[in-house]
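A short write-up of the structure that comes next.
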There are 4 protein chains.
Amino acid sequence: MLGANSYGKSGIRLVQVSRHGDRHDVQDLAVSVRLEGDFGAAHLAGDNAAVLPTDTMKNTVYAMAAERSLEPIEAFALRLARHFVETHAPVSLARVEIAERPWERIEAGGRPHGSAFRRPGGEARLAAATCGRAESGEASIEAGLGDLVILKTARSGFSGFARDRFTTLRDTDDRLLATALRAIWTYECDAADLSFAALRAGIRQTLLETFAEHESRSVQHTLYAMGEAVLERHAEVREIRLTMPNKHHLPVDLSPFGISNANAVFVATEEPYGLIEAAVHRTAPPARS
Amino acid sequence: MLGANSYGKSGIRLVQVSRHGDRHDVQDLAVSVRLEGDFGAAHLAGDNAAVLPTDTMKNTVYAMAAERSLEPIEAFALRLARHFVETHAPVSLARVEIAERPWERIEAGGRPHGSAFRRPGGEARLAAATCGRAESGEASIEAGLGDLVILKTARSGFSGFARDRFTTLRDTDDRLLATALRAIWTYECDAADLSFAALRAGIRQTLLETFAEHESRSVQHTLYAMGEAVLERHAEVREIRLTMPNKHHLPVDLSPFGISNANAVFVATEEPYGLIEAAVHRTAPPARS
Amino acid sequence: MLGANSYGKSGIRLVQVSRHGDRHDVQDLAVSVRLEGDFGAAHLAGDNAAVLPTDTMKNTVYAMAAERSLEPIEAFALRLARHFVETHAPVSLARVEIAERPWERIEAGGRPHGSAFRRPGGEARLAAATCGRAESGEASIEAGLGDLVILKTARSGFSGFARDRFTTLRDTDDRLLATALRAIWTYECDAADLSFAALRAGIRQTLLETFAEHESRSVQHTLYAMGEAVLERHAEVREIRLTMPNKHHLPVDLSPFGISNANAVFVATEEPYGLIEAAVHRTAPPARS
Amino acid sequence: MLGANSYGKSGIRLVQVSRHGDRHDVQDLAVSVRLEGDFGAAHLAGDNAAVLPTDTMKNTVYAMAAERSLEPIEAFALRLARHFVETHAPVSLARVEIAERPWERIEAGGRPHGSAFRRPGGEARLAAATCGRAESGEASIEAGLGDLVILKTARSGFSGFARDRFTTLRDTDDRLLATALRAIWTYECDAADLSFAALRAGIRQTLLETFAEHESRSVQHTLYAMGEAVLERHAEVREIRLTMPNKHHLPVDLSPFGISNANAVFVATEEPYGLIEAAVHRTAPPARS
């Protein structure tokens, strides 16, 4: 029997340029569309009558991008998801995910340039909208950020942990803590007219400040503090999920060379890595989890 | 409030060499461990008493690898998962995932060499074990394969699909179909003493043959046929999930140069790509899904 | 002043399907074209009259691919390079590089399938042709292979090396030796009608066998033996350049757990890595080096 | 016969933390070392007496990093390269390359935090030092930057180019121009006591401003203008080499949907890509090229 199934288009790369005289704005997105619904006949009988081609999804993204600004990306994701459930009867659920890579203006002659840009790299702004069938009108909006690489060189320890015969790690009250943060938060249900860009900036700042200031006793400890601070300061957020790989920085043993290493020289390693994940939500657990 | 959470170690790279005189065997694994359980105090209060360090997980993998052969990887995953639930009271669930990259013997002097190997690249063998608390003894064993890149140049079309104002794709009864297959199957509950290596080889062959022979009317159509064939031929499998990104190969339009392209010259593209996913299971749906 | 300069197109992905009844053949190439010549006006004055667009290079590759088989890739590279020097007067040198990723037939019903393929991954076949101006007719043909990952678990040591105050490495007469081999060889000048495919297969086998059999005292030692063997057995080869990153496999210290590790359990690391490179050529040094 | 050869260690990942009370500084480097010299005996006879292990190179980097600040990286590269030629007689040439990934301070409470950092991603600062044998004392210092992704949405065209039967590209006077700039410049010989950090910042600004302001008639045209501006404004630079892949942004054809696309919606593509490279140097050509 056919179980859970979905199909869609990923990696739709889209750049929109908005021109206001000499001042241009750029948005650079990667969009993915995923549909669930009544697609059994395609799987079982090769009957494609209900299957909107993924090529059409791509065309739809470009065509709808021509209509108006893509800012904020949460609203663009919602427009797209709504489109697919409203126009195609077999679709029971549409999910649209967007990753935006920001461009910053180049400074030239002491001023931000109107039409030249630099990509800071790394960090992505994320948004997702999930819509059920048109009649119910239910929709969920998520926002987030990914690949936000952060490091603290103070206020981080790890001690008093469980030990067994395979434990060689020692307690430390001073270690480097680095991660590539991925945070995805879900807005309360009536989210469609929120100020997404301002909220994103505020939540990002809350995450960064809490990371910086926290007296960390473990990755878990700091992760939870970050999530808790977001829920405390941003009433629009119902739940936040945080993923924090532990990008280990190990002090180098220089004693064979008669050199002491006072927590100053580290080797950065990629593998293996700790991986810490948790959701933090308001007291009433969200319906979806 | 703290919601779903877990932590663990990923990217534990492990190579085991077994020596039988001049004939050596090599296994090359990447292991990840993930634990769920009673870790609220670590998150909320910075109390690490229940937290087994991820560094210890890594040590455990290497130490247990020294005890005996890692073949089959399904059994090694199960031993590891059992170890964590049985030895650490706060752990309510342990999941161990293994990706094996095979090495093949180099042919030298017309014979497979005893101690020199070539890595064919690409394809990975996957296994996972999930164990609940020790007392219940419940465990789930999955196996699979990933990054199996396959292509068919005949018996593949896509026509009769849904159309809307953004549809420009035309019906075709002769297109290239290529994908990077990921297949994960779940064994029936009493799986611990199955012949995992033989089963994997058989299921892989079923997947490949069905892909090759199928008269494909869509990716969905072929995906389902592949899953159905596995369930029909391999009674030990309860459910299989298949992920098939559509690696598009587009015929090049050579008409501007007065050259006809009789479905012979294609451009291979990476982005955007269709993404088709489905699970196929026996009539009684599996409890977990 | 303008110094050395070139321009071209890279990443031209090309798949050619040849159909012989039910038996199809597939070739999967990535082509790059690079031109040198009299392009000063474009740089200094923005005068593009001598600049053939890189988009045209791409079109040329696809159009010339429609004419005939792409096998062997050395000949296709040469045809392309010749085309650019012969048809565009400003071009003084054209270099075409090709990387081929092989597809193997899927076995179905005990036989290689006619139109279904599996990509073994990893290894690439490389070819390059460099042509000077048409009148001189000089051309150089290179072939090679890349990403050939190989490992030997016996007959490899490293001892008696130079030591200074920063040396902690110990002598060993039994270590794992692994590399991702890249080998590029240059054929003798009158190369255009060689049996490139057979030569490539033979040279690859010489490299693999020598790696397998060699009593290795260092990466350098084995690298040179491999290059020397190619020159000894394949008179058509004028020079070979080998690049062998040392993919370190370090024995895990299990003594803290009371477990001995008899050279059986290793951690595979990616960084840092040794990198060994050398060219081996016939006694009369090649003109180009 | 053994031809050109070298060996070394790559991917040495090094993080140095300097602590000044509550204010910490972080430097994050990847170092590679490459030696040339009298290593024939290792290749031909397996005699390692002249071979300093690459493991020792790694240790040396960490040990010398403990002595003092790594800023500027040009000086650290030079110290390391000098060390190897001065302390090991067989070494005739040592080259050390460094890629620095910058960390920026997190803003917290309106102020840059003393010990919490964010990695902006993308751009790398590059440095290299090449030293010959100790007696001659000759050294070359290069600096540069890589992965600097830039885009201009105005003042960029491409027209009047050469055409042949495979040309379909049309003239345009308004296209997007994007690249991932790599620029490496060589300092004049007496470079050891330059203000490397200030020079790097100035040269980077010259490159960015020229890119932004230039009335571009091709990538070549803008590349040359950028190199020329660096030589004009920075007398310390002897030569600069620029690599500019053309990251194509193609306007999407929305006419099938009755939508006009006034140069507003683009698809960003990765393959194929144009690749433009050139060196620009002072009138007297540099000795090395």
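The values are calculated or read from the model by the stated rules, or taken from the named source; none is laboratory data. Treat the numbers as computed from the prediction; the structure is a model and nothing was measured. Note that each Cβ is placed from the backbone with ideal geometry, even for glycine, and that neighbours are counted across all protein chains shown. Side chains included, ligands, DNA and RNA excluded: accessible areas come from the protein's heavy atoms. Shrake-Rupley method; radii C 1.70, N 1.55, O 1.52, S 1.80 Å.
Of all residues in segment B:116-127, those satisfying the criterion of being out of contact with any helix residue (DSSP H, G or I) (no Cβ under 6 Å at 6 or more places or on another chain) and at negative phi are B:117, B:118, B:119, B:120, B:123, B:124, B:125, B:126.
Name the residues in segment A:177-187 that are within 11 Å of chain D (Cβ to nearest Cβ) and either open to solvent by 10 Å² or more (accessible area, probe 1.4 Å) or over 18 Å from residue A:244 (Cβ atoms) (or both), would you? Show your work before the answer.
Let us first name the residues in segment A:177-187 that are within 11 Å of chain D (Cβ to nearest Cβ), namely A:177-181.
The answer is A:180, and nothing else.
Considering only residues in segment D:147-173 that are within 30 Å of the chain's Cα centre (by Cα) and not in a strand (DSSP E or B), the one that is farthest from the other protein chains (Cβ to nearest Cβ) turns out to be D:157.
Which of the residues that make up segment C:29-57 are among the acidic types (Asp, Glu) and either more than 7 Å from every other protein chain (Cβ to nearest Cβ) or closer than 24 Å to residue D:228 by Cβ (or both)?
The first filter runs over segment C:29-57 and keeps only residues among the acidic types (Asp, Glu), leaving C:36, C:38, C:47, C:55.
Across segment C:29-57, the qualifying residues are C:36, C:38, C:47.
Restricting segment C:225-247 to residues that are at the interface with chain D (Cβ under 10 Å from one of its Cβ atoms) and free of Cβ contacts under 8 Å to residues at least 60 places away in the same chain leaves a set whose member that is nearest to residue C:172 (Cα to Cα) is C:225.
Residues that are within 14 Å of chain C (Cβ to nearest Cβ), modelled with pLDDT under 95 and touching a strand residue (DSSP E or B) at 6+ places or on another chain (Cβ under 8 Å): does segment B:71-86 have at least one? The answer is yes, given that some residue of segment B:71-86 is within 14 Å of chain C (Cβ to nearest Cβ), modelled with pLDDT under 95 and touching a strand residue (DSSP E or B) at 6+ places or on another chain (Cβ under 8 Å).
Could you please find all residues in segment B:147-161 being of a type in the set (Gly, Ala, Ser) and either buried (at least 20 other Cβ atoms within 10 Å of the Cβ) or touching a strand residue (DSSP E or B) at 6+ places or on another chain (Cβ under 8 Å) (or both)? The answer is B:154, B:156, B:157, B:159.
For segment A:196-219, enumerate the residues that are buried (at least 20 other Cβ atoms within 10 Å of the Cβ), hydrophobic (A, V, I, L, M, F, W, C) and out of contact with any Phe, Trp or Tyr (no Cβ under 7 Å at 6 or more places or on another chain). A:196, A:207, A:208, A:211, A:212, A:219 - these are the residues of segment A:196-219 that are buried (at least 20 other Cβ atoms within 10 Å of the Cβ), hydrophobic (A, V, I, L, M, F, W, C) and out of contact with any Phe, Trp or Tyr (no Cβ under 7 Å at 6 or more places or on another chain). The residues on offer are B:253, B:171, B:164, and the sole one that is more than 17 Å from residue B:279 (Cβ to Cβ), free of Cβ contacts under 8 Å to residues at least 12 places away in the same chain and open to solvent by 70 Å² or more (accessible area, probe 1.4 Å) is B:253.
Just to be sure, is residue B:144 under 18 Å from residue B:227 (Cβ atoms), under 15 Å from the mean Cα position of the chain (by Cα) and either open to solvent by 10 Å² or more (accessible area, probe 1.4 Å) or more than 10 Å from chain C (Cβ to nearest Cβ) (or both)?
Details: under 18 Å from residue B:227 (Cβ atoms): yes; under 15 Å from the mean Cα position of the chain (by Cα): yes; either open to solvent by 10 Å² or more (accessible area, probe 1.4 Å) or more than 10 Å from chain C (Cβ to nearest Cβ) (or both): yes.
It is true that residue B:144 is under 18 Å from residue B:227 (Cβ atoms), under 15 Å from the mean Cα position of the chain (by Cα) and either open to solvent by 10 Å² or more (accessible area, probe 1.4 Å) or more than 10 Å from chain C (Cβ to nearest Cβ) (or both).
Mind checking whether some residue in segment A:58-68 is within 28 Å of the chain's Cα centre (by Cα), modelled with pLDDT of 95 or more, more than 11 Å from chain B (Cβ to nearest Cβ) and assigned to a helix (DSSP H, G or I)? Yes, segment A:58-68 contains a residue that is within 28 Å of the chain's Cα centre (by Cα), modelled with pLDDT of 95 or more, more than 11 Å from chain B (Cβ to nearest Cβ) and assigned to a helix (DSSP H, G or I).
In segment D:76-126, how many are open to solvent by 20 Å² or more (accessible area, probe 1.4 Å) and of a type in the set (Val, Ile, Thr)? Within segment D:76-126, residues that are open to solvent by 20 Å² or more (accessible area, probe 1.4 Å) and of a type in the set (Val, Ile, Thr) number 1.
Among the conditions (1) more than 12 Å from chain D (Cβ to nearest Cβ); (2) among the hydroxyl-bearing types (Ser, Thr, Tyr); (3) under 23 Å from residue C:263 (Cα atoms), the only one that residue C:222 does not satisfy is (1).
Tell me, please, whether a residue that is assigned to a strand (DSSP E or B) and free of Cβ contacts under 8 Å to residues at least 12 places away in the same chain can be found in segment A:71-87.
Here is the first cut: in segment A:71-87, the residues assigned to a strand (DSSP E or B) are none.
Within segment A:71-87 (the criterion being assigned to a strand (DSSP E or B) and free of Cβ contacts under 8 Å to residues at least 12 places away in the same chain), the answer is no, since none of the residues qualifies.
The set of residues in segment D:100-109 that are over 14 Å from residue A:151 (Cα atoms) and more than 10 Å from chain A (Cβ to nearest Cβ) contains only D:100.
Listed residues C:118, C:133, C:125; which is among the basic types (Lys, Arg) and at pLDDT below 95?
C:133
Yes or no: residue D:51 in a loop (DSSP other than H, G, I, E, B), surrounded by 24 or more Cβ atoms within 10 Å (Cβ to Cβ) and touching a residue at least 40 places away in the same chain (Cβ under 8 Å)? So residue D:51 passes the test.
Might you let me know whether segment B:203-224 holds any residue that is within 21 Å of the chain's Cα centre (by Cα), among the charged types (D, E, K, R), over 30 Å from residue C:62 (Cα atoms) and at pLDDT 95 or above? Yes, that holds for at least one residue. Being modelled with pLDDT of 95 or more, within 13 Å of chain D (Cβ to nearest Cβ) and in contact with a His (Cβ under 6 Å, 6 or more places away or on another chain) is the requirement here; does residue C:273 meet it? For residue C:273, the condition - modelled with pLDDT of 95 or more, within 13 Å of chain D (Cβ to nearest Cβ) and in contact with a His (Cβ under 6 Å, 6 or more places away or on another chain) - is not met. When residue D:92 is tested against the conditions (1) in contact with a Gly (Cβ under 6 Å, 6 or more places away or on another chain); (2) in a loop (DSSP other than H, G, I, E, B), the lone failure is (2). Restricting attention to segment A:9-27, the residues that are surrounded by fewer than 22 Cβ atoms within 10 Å (Cβ to Cβ) and within 14 Å of chain B (Cβ to nearest Cβ) total 3.
Considering every residue within segment D:28-42, establish whether at least one is open to solvent by less than 20 Å² (accessible area, probe 1.4 Å) and part of a helix (DSSP H, G or I). Within segment D:28-42, one or more residues are open to solvent by less than 20 Å² (accessible area, probe 1.4 Å) and part of a helix (DSSP H, G or I).
Table: residues versus (1) basic (Lys, Arg); (2) more than 22 Å from residue D:129 (Cβ to Cβ).
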| position | (1), (2) |
| --- | --- |
| D:180 | no, yes |
| D:183 | no, no |
| D:194 | no, no |
| D:200 | yes, no |
| D:206 | no, yes |
| D:211 | no, yes |
| D:218 | no, yes |
| D:231 | no, no |
